[in-house]
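The values are calculated or read from the model by the stated rules, or taken from the named source; none is laboratory data. If you're wondering where the values come from, they're calculated on a predicted model, not measured in any experiment. We place every Cβ from the backbone using ideal geometry, glycine too, and count neighbours over all the protein chains shown. Each accessible area value is taken on the protein alone, full model and side chains, heavy atoms only, with ligands, DNA and RNA left out. Shrake-Rupley method; radii C 1.70, N 1.55, O 1.52, S 1.80 Å.
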Amino acid sequence: MRSLLRRLGAPLWFGVLLLPLGCGPAVREDRSINWSADGRSVGFQHGGEGVFLADKDGGKLTKIYQPGSDVLATGSPLWEPAGKRVIFTTARSTGQGQTAFVLPLPGGQPDPAGNVYFQQEVVYTCWLYEDKPGDPPPPPTKLFEAACDHVGYVAANLAVRWHPKGGRILYLDRGTGKQHGLFAFDLAAKTSSRVFPHSAAALIFDWTPGDNLTCVLADPQTPKTNGIWVGQPGGDDWWHVPQSGELAQGEFPSPLEQLRATRPAWTPDGKRFAFPTWTPGKSEKDAGRHVLRLATLAGQTVATVAEGTEPFRDLHWNGDGERLGVVRGGANATLHVVRQGQPLSAPVNRRPVRQFVGWNATGDRLAYVVPDDAETAGAKWAFLLLPEEHARDVVYVADGAGADAGREVFSGMRVTFPQWSPKEDKLSLWFTFAPTHRSIVGLLLGGGLRRGDPAALFDPATGQISWLAVSPQEKTQVGHYYLLKRDYATAWKWYEEAEKDWPAAKPVDPSSNPNFLRELLEPRDFRFFQYYCLTKLGRNDEARTKLAEFRAAFPARPAAPPAGQQPTIVDATLRDLLDPKGTAAALVRDFYCAEVFLSLDATDDAETFFGDAIKTASTDSARLSGATALGQILLLKNKRRQYADLTTDTVAPLLFKLTKDRPAGAALDATLVQSAVEMMGQWHLQPLFVPSFLKDMPEEDVRSLAERWQALRD
């Protein structure tokens, strides 16, 4: 059970959801924070929050577009090669076919790595924004509309590109047919013309560092045209690159993801490019053959750089085009540097690589990201608080030669979509504060501690972070980061900023809100974080007030029905289940607190907090809940004897007392509470009945436990 729950991520949900819903091929969203060519500005899209621009230091943060309810996906803004203008795209449904389906993480939370979109026909709009004086800033201008058969073209930012000389925009359009073609829109004349002679069921494109155009095609009806094409827009002399039709494996088995995985990486001078390919195996057990290839434009030659049973990805060249960086493998991926005419280097990294960022502008530094998945010694026994895989990352910066693993420059949050500035040693990226552990309540019902991911600009040399928080909720996530780093004064400043604009809590109506359970089981503010920060600042009276407010408000209860209307069975059951004095509410509250403490690396403070909570509890329900949470913390700290004593002397007696058989005709809510408490109690007690857990404890301790349990049984 534990192994299953801790892996309730996207891959499992795909298997559960795709077949019954009939969803089409999956495509991962691209949330890159894009730099302008001069390195002075950045732009990003933040889902429902809108599209934003900022300067290189995080200042002048400006929202330039707010999507409406009909927008299915928004593309990241792209800067004109020379100038201050940006374009971006938004997709809406054509009204035909299935309804849009997006797969976030369990609990309905956006995925830091980008949500996953499934196939749906869309019409997309290309917008142009010009930075002109004005307050508020002028709205973007609608340039044109086009059609695609997959919302992923917009979500993954594959639909449009600026011409290198500006003035024109290349875009994909399916029109009324089944094939996608590539066209150029002239901004001055407002006319379009075809620039690539072929069309395909799936097509992506981009410019080379010179003035050539690269297209990658996938079409089961015309497989001979699959692969990479290089040529001049509007011309007839296109090079169809040999072996490129053997499309690389993408994250998902969809044509668009295969094209993204095969997309070539060009040297800065535009003379050579590297690309991966894959030939399927002859059976399901055969991983097939992955090849890293190097193509030279002059002479139109293709050579093999490396091959094997593991995929190649994240290809980047350094500034002079003499070194190619590539990641090889999956869960235990390694980073390699390829020098001209030489095989793959030995691995640069010491820990598995999640993503290779590439080289900085001068080429003397490279950066990569590794997961920080350290587990405590007792983690395997804490069945009610499960470690979250990949909750945090570590950013490494190494010498540009790739001779060593480099040094750690950032840790503590999830890191996604990192990009070097084209001019400075600065990275744009998303930093996500995420729970390191999830409770059973949070996993099964969608409650608990939520993630949050403000965009940021990061200087690896100094460690300075320029946060691009666009909402009060994101400001709290920044506060959480500084709380984790023990910078309590800075954390409190961010909490104060967030509190100024924090939205008032609205009553939750189960009859009209499909997410009612999640909203009831997630705190609608950050008072427990404030409480903890205040204790660390020595402001104990204020801390006690915040804690009391938190306990009174969480978990929330559903809104009362209108006057004169009888509550439904659901309303009545929820109100009884979430009674602040009941066992279920106490468990929801305490395990949220446990998630917070663990996510702040504060297990000692958690042990003290729950120990005090047991002593001051006014009801058996509160005492049982606090003791259960404390027992899980003790397990994570590998304090087996303390866990065993607490469970035997406190948890077990209270559990037996509160879950006695109820008389016939007991209310539904009472039965549900009893079942939930019994289930959590059984999982909490389980380690005591596993020989491998007890074998490392002194024999006299085990004998004492056995005698006390016999007394409980009697």
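Values for this structure:
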quantity: Filter result for A584 (free of Cβ contacts under 8 Å to residues at least 60 places away in the same chain and crowded, with 19+ Cβ neighbours inside 10 Å); calculated: no
quantity: Subset of the range 171-184 [open to solvent by 10 Å² or more (accessible area, probe 1.4 Å) and not in a loop (DSSP other than H, G, I, E, B)]; calculated: Y171, D173, F183
quantity: Cross-chain or 6+ apart pairs with Cβ under 7 Å, the range 114-137 first and within 28 Å of K60 (Cβ to Cβ), then of a type in the set (F, W, Y); calculated: C126/F144; C126/Y171; W127/Y65; W127/F88
quantity: The range 334-376, subset of a type in the set (S, T, Y) and not in a strand (DSSP E or B), residue nearest to the chain's Cα centre (by Cα); calculated: T376
quantity: Verdict on L517 being under 25 Å from G447 (Cα atoms), surrounded by fewer than 21 Cβ atoms within 10 Å (Cβ to Cβ), in contact (Cβ under 8 Å) with a residue 40 or more places away in the chain and within 27 Å of the chain's Cα centre (by Cα); calculated: yes
quantity: Any hit, the range 396-404, residues being within 30 Å of P555 (Cα to Cα) and surrounded by 23 or more Cβ atoms within 10 Å (Cβ to Cβ); calculated: no
quantity: Condition met for R313 (within 21 Å of G406 (Cα to Cα), open to solvent by 50 Å² or more (accessible area, probe 1.4 Å) and more than 26 Å from the chain's Cα centre (by Cα)); calculated: no
quantity: Single match in A287, A303, A333, A298 (criterion: buried (at least 18 other Cβ atoms within 10 Å of the Cβ) and either of a type in the set (V, I, T) or on the phi < 0 side of the Ramachandran plot (or both)); calculated: A333
quantity: Verdict on Y481 being open to solvent by less than 60 Å² (accessible area, probe 1.4 Å), free of Cβ contacts under 8 Å to residues at least 40 places away in the same chain and part of a helix (DSSP H, G or I); calculated: no
quantity: Residues satisfying the stated conditions in the range 199-223, i.e. surrounded by 16 or more Cβ atoms within 10 Å (Cβ to Cβ) and without any contact (Cβ under 8 Å) to a residue 40 or more places away in the chain; calculated: S199, A200, C215
quantity: Elements of type strands (runs of 3 or more DSSP E) contained in the range 25-100, each with 2 or more residues being in contact with a Gly (Cβ under 8 Å, 6 or more places away or on another chain); calculated: 26-28, 51-55, 62-65, 86-93
quantity: L598 vs. criteria open to solvent by less than 20 Å² (accessible area, probe 1.4 Å), hydrophobic (A, V, I, L, M, F, W, C) and in contact with a Lys or Arg (Cβ under 8 Å, 6 or more places away or on another chain); calculated: no
quantity: Subset of the range 230-258 (residues that are within 23 Å of R168 (Cβ to Cβ) and of a type in the set (A, V, I, L, M, F, W, C)); calculated: V230, W238, W239
quantity: Output for the range 490-501, where each listed residue is surrounded by fewer than 17 Cβ atoms within 10 Å (Cβ to Cβ), of a type outside the set (K, R) and either within 30 Å of F516 (Cβ to Cβ) or over 26 Å from the mean Cα position of the chain (by Cα) (or both); calculated: E496, E497, E499, D501
quantity: Answer from S692, S675 - the residue that is open to solvent by 20 Å² or more (accessible area, probe 1.4 Å), modelled with pLDDT under 90 and under 34 Å from the mean Cα position of the chain (by Cα); calculated: S675
quantity: Subset tally (residues that are part of a strand (DSSP E or B), surrounded by fewer than 24 Cβ atoms within 10 Å (Cβ to Cβ) and of a type outside the set (G, A, S)) for the range 117-170; calculated: 16
quantity: Residue match in the range 501-513 (condition: of a type in the set (D, E), in contact with a helix residue (DSSP H, G or I) (Cβ under 9 Å, 6 or more places away or on another chain) and at pLDDT 80 or above); calculated: yes
quantity: Residue list for the range 41-75, restricted to those being farther than 30 Å from G250 by Cα, touching a residue at least 24 places away in the same chain (Cβ under 8 Å) and charged (D, E, K, R); calculated: K56, D57, K63
quantity: Given (1) open to solvent by less than 50 Å² (accessible area, probe 1.4 Å); (2) under 18 Å from Y171 (Cβ atoms), index of the condition G227 fails; calculated: (2)
quantity: Yes/no for R575 being basic (K, R), within 22 Å of L444 (Cβ to Cβ) and either in contact with a Lys or Arg (Cβ under 6 Å, 6 or more places away or on another chain) or open to solvent by 10 Å² or more (accessible area, probe 1.4 Å) (or both); calculated: yes
quantity: Residues (within 16 Å of G114 (Cα to Cα), assigned to a strand (DSSP E or B) and either open to solvent by 30 Å² or more (accessible area, probe 1.4 Å) or of a type in the set (S, T, Y) (or both)) located in the range 424-474; calculated: S428, T432
quantity: Residue pairs meeting the criteria (Cβ under 7 Å; at least 6 apart or on separate chains; first without any contact (Cβ under 8 Å) to a residue 12 or more places away in the chain, in the range 233-257; second open to solvent by less than 60 Å² (accessible area, probe 1.4 Å) and not in a loop (DSSP other than H, G, I, E, B)); calculated: D237/G231; G250/E257; G250/Q258; G250/R260; G250/A261
quantity: Subset tally (residues that are in a loop (DSSP other than H, G, I, E, B) and farther than 22 Å from T432 by Cβ) for the range 377-410; calculated: 12
quantity: Any hit, the range 261-269, residues being part of a strand (DSSP E or B) and open to solvent by 70 Å² or more (accessible area, probe 1.4 Å); calculated: no
quantity: Considering residues of the range 271-284 that are open to solvent by less than 80 Å² (accessible area, probe 1.4 Å) and touching a Ser or Thr at 6+ places or on another chain (Cβ under 8 Å) only, the residue farthest from D314 (Cα to Cα); calculated: R272
quantity: Residue count, the range 601-630 (criterion: charged (D, E, K, R), more than 19 Å from L386 (Cα to Cα) and buried (at least 17 other Cβ atoms within 10 Å of the Cβ)); calculated: 1
quantity: Condition check for L170: in contact with a Lys or Arg (Cβ under 7 Å, 6 or more places away or on another chain) and within 27 Å of T62 (Cα to Cα); calculated: yes
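Yes or no, residue by residue, for (1) open to solvent by less than 100 Å² (accessible area, probe 1.4 Å); (2) modelled with pLDDT under 90; (3) charged (D, E, K, R):
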| residue | (1), (2), (3) |
| --- | --- |
| K660 | no, yes, yes |
| G665 | yes, yes, no |
| G681 | yes, yes, no |
| D696 | no, yes, yes |
| E707 | no, no, yes |
